Amino acid sequence: MKALVTGGAGFIGSHVVDLLLERGWEVAVVDNLSTGREENLDKRAVFCGGDVCDAVGLDAVFCREKPEVVFHLAAQTNARTSLKVPAEDAVTNLVGSINVLECCRRHGVRKVVYSSSCAVYGVPVGLPVKETHLLAPVFPYGCSKRAVEDYLWVYRELYGLDFVALRYANVYGPRQDGRGEGGVIAVFADRISEGAALELKGDGLQTRDFVFVKEVAEANLLAVERGSGKFLNIGSGKETSVNEVVSLLSRLSGRVPEVRRGPAVKGEVRRMCLGVSLAKEELGWSSRVSVEGGLLETMEWLNKGRGR
Ligand SMILES: NC(=O)c1ccc[n+]([C@@H]2O[C@H](COP(=O)([O-])OP(=O)(O)OC[C@H]3O[C@@H](n4cnc5c(N)ncnc54)[C@H](O)[C@@H]3O)[C@@H](O)[C@H]2O)c1
């Protein structure tokens, strides 16, 4: 079978590519390398370059590669950037996604597996956050992710293009860039491995639902055959505080980092944990990797010099 992975040179996308190749798929990748890296990519994948905002170029890729299934991950992924430049966020995340859907429709793609986000929920009313929770994003990033979900629904109704939208919690693991504004685990793991101090915002009691990237890739593949027209949470279903992350990282690395505490980020969600029973029901997927196990693998990757 042939898959097209948009954003396939990125953190999560490259793990989706690896798993597809491992399962015998042919894989083509569209990625403008704005945050992704070619070295993340297995050489067996056909790298097409390209930009999802370039409708004509994208159509040419679909013509040539004729994918049966599309995994759409290409995106502007930073919520804070979406506050600074909301129109740019919307161009990449919304217009780019519509371009992908139009290509899928025109070229008879069977199914789209879309990388959505728990950012569509905004501030949780109660925990765990189930798929029935109010959709009330608090960042433009969450608005664009939510809008794409609506388009997916419309394309399924109008054109019979099947989809699954996976609403990820906080994904972490090898190949996540901790040198930019990556997730807290990537940044802290990176700094601890370099013996640098950690900048902790707030009291560290804020919690997140951390899910290991290889399990997220597995959910993407399961969504090819299961979960028609569904919006599904993909998380561990557990809360882990930032302080717990720091102590686990320091135990696993054998280093006690200097922690510099600063003021909490205004408007930051205090606690997050996803309800994950629907993914189990629909995909037969659930997270089994503990945060400790996932952190160990992430630290090993860092210690090996970030290689494939
Ligand atoms: N990492 C997380 O915790 C998380 C959580 C929720 C949702 N997501 C979603 O998962 C997807 C993958 O995120 P990631 O964490 O791997 O980030 P990433 O930045 O590593 O991956 C995004 C990829 O898309 C590419 N890209 C960006 N704009 C593009 C464009 N216009 N055309 C073509 N390629 C483009 C980038 O070069 C990069 O390779 C995104 O859709 C993101 O919104 C991630």
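The values are calculated or read from the model by the stated rules, or taken from the named source; none is laboratory data. What you see is a predicted model, and the numbers here were worked out from it, not measured in a lab. All Cβ positions, glycine included, derive from the backbone under ideal geometry; neighbour counts span all protein chains shown. What goes into the accessible areas is simple: the full protein's heavy atoms, side chains included, and nothing from ligands, DNA or RNA. Shrake-Rupley method; radii C 1.70, N 1.55, O 1.52, S 1.80 Å.
Quick notes
- Scan of the range 183-198 for residues that are under 25 Å from Ala219 (Cβ atoms) and either more than 8 Å from the ligand (Cβ to nearest atom) or at pLDDT 90 or above (or both), ordered by number: Val184, Ile185, Ala186, Val187, Phe188, Ala189
- Residue identified as surrounded by 17 or more Cβ atoms within 10 Å (Cβ to Cβ) and in a strand (DSSP E or B) among Phe188, Phe163: Phe163
- Some residue of the range 29-38 being in contact (Cβ under 8 Å) with a residue 40 or more places away in the chain, over 19 Å from the mean Cα position of the chain (by Cα) and farther than 15 Å from Val216 by Cα: no
- Top-ranked residue of the range 16-28 - restricted to ones that are out of contact with any Asp or Glu (no Cβ under 7 Å at 6 or more places or on another chain) and outside any strand (DSSP E or B), ranked as nearest to Ser97 (Cα to Cα): Val16
- Those residues of the range 239-249 which are open to solvent by less than 10 Å² (accessible area, probe 1.4 Å) and more than 15 Å from Met272 (Cα to Cα), in sequence order: Leu249
- Filtering the range 198-238 to residues that are open to solvent by less than 10 Å² (accessible area, probe 1.4 Å) and in a helix (DSSP H, G or I) leaves Val213, Val216, Ala217, Ala219, Asn220, Ala223, Val224.
To keep it simple, each residue is scored yes or no on (1) more than 16 Å from the ligand (Cβ to nearest atom); (2) open to solvent by 40 Å² or more (accessible area, probe 1.4 Å); (3) over 18 Å from the mean Cα position of the chain (by Cα).
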residue	(1), (2), (3)
Val100	no, no, no
Cys103	no, no, yes
Tyr114	no, no, no
Gly122	no, no, no
Val129	no, no, no
Arg146	no, yes, no
Glu149	no, no, no
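- Qualifying residue in the range 29-45 (condition: near the ligand (Cβ under 8 Å from one of its atoms) and assigned to a helix (DSSP H, G or I)): yes
- For the range 266-308, a tally of residues being open to solvent by less than 20 Å² (accessible area, probe 1.4 Å) and outside any loop (DSSP other than H, G, I, E, B) returns 7.
- Extreme residue, nearest to the ligand (Cβ to nearest atom), among residues of the range 1-15 that are open to solvent by less than 10 Å² (accessible area, probe 1.4 Å) and in a strand (DSSP E or B): Thr6
- Residue within the range 98-110 that is in contact with a strand residue (DSSP E or B) (Cβ under 7 Å, 6 or more places away or on another chain), in contact (Cβ under 8 Å) with a residue 60 or more places away in the chain and of a type in the set (Lys, Arg) present: no
- Sole exception among (1) over 30 Å from Ser241 (Cβ atoms); (2) β-branched (Val, Ile, Thr); (3) open to solvent by less than 30 Å² (accessible area, probe 1.4 Å) for Val56, by number: (3)
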